[in-house]
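Accompanying notes for the structure given below.
Nothing in this text is a laboratory measurement; each read-out follows from the coordinates by a stated rule. As the structure is a computational prediction, the values presented were derived from the model and not from experiment. Cβ placement follows ideal geometry from the backbone for every residue including glycine, while neighbour counts extend to all protein chains displayed.
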């Protein structure tokens, strides 16, 4: 299994990213947090717990979420660093949210979402855990991705241009590694429940 995650344990898997969809042979629809989370938060009154960002940005991101989506009630938040993640399970159990948004970037967010969901199930309650990659940071800028970037599938290039020091490895080393391990990747997700 890639990243030590058993993706069969997830209720549903969405895929964001043209390269990953090509590796998976386009068997899945494009699902991106910046497309589906706003729709969910605009339509339903939800108690929301937010995980991600730095200790400096997590509060600001949570406040921005509450301001932008009036039906969302932010009941708690923690940063995506090791201190924040240590307190996440207690925070979730104390606030009893309907929705937990996990924005830690690829790999780590999958591991943490599954871990926290299992801990949450052990104490009861029904919560939806959703991973969102860099969406929390992207909230800070209106129209972070212009329409033309979606049309030409150049979102990745815009992100790389904006944050080269942080993202260069993801769009070089990890991209080539994913291509090299495409057969293993396809096998690891062959029996998952795809969102569509």
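Any chance you could run the full-extension gain for residue 73 through residue 96? It's 0.36 nm times the residue separation minus the Cα-Cα distance, nm to one decimal.
Numbers: separation 23, 0.36 × 23 = 8.28 nm, distance 1.18 nm.
Separation in residues times 0.36 nm, less the Cα-Cα distance, equals 7.1 nm.
Within region 8-35, whose backbone N sits under 20 Å from a point 7 Å along Cα→Cβ of residue 183?
Answer for this model: 20-27.
Rounded to whole Å, give me the distance from the Cα center of region 122-187 to that of region 64-102.
21 Å
Multiply the residue gap between residue 151 and residue 163 by 0.36 nm, knock off their C-alpha separation, and tell me the result in nm, one decimal place. Mind showing how you got there, number by number?
Values: separation 12, 0.36 × 12 = 4.32 nm, distance 2.12 nm.
The residue 151-residue 163 span can extend by a further 2.2 nm.
Can you sort 183, 30 so the residue with the fewest Cβ neighbours within 10 Å comes first?
Going from least to most buried by this count: 183, 30.
Where does the chain land at 222 nm, in deg cm²/dmol rounded to the nearest 500, when only DSSP H runs of n ≥ 4 count, each adding -39500 (n - 2.57), divided by all residues?
Numbers: 11 runs with 93 residues, N = 196.
Result for the chain, helices only: -13000 deg cm²/dmol.
In what sequence do 165, 115 fall when counting other Cβ within 10 Å, fewest first? Please report the intermediate quantities before stating the final value.
Working: 165 6, 115 14.
Going from least to most buried by this count: 165, 115.
What does the extension gain come out to for residue 118 and residue 63, with contour length at 0.36 nm per residue minus their alpha carbon separation? Working shown, then result.
On the way: separation 55, 0.36 × 55 = 19.80 nm, distance 2.73 nm.
So the chain would gain 17.1 nm between residue 118 and residue 63.
Normalised by the residues of the chain, what does the relative contact order come to in percent, with Cα pairs under 8 Å and at least six apart?
In percent, rounded to a whole number, it is 28.
How far apart, in nm, are the 7 Å Cα→Cβ label points at residue 192 and residue 39?
1.9 nm
Which three extents, in angstrom, do the Cα atoms of the chain have along their principal axes, listed largest first?
That gives 43, 37, 32 Å along the principal axes, largest extent first.
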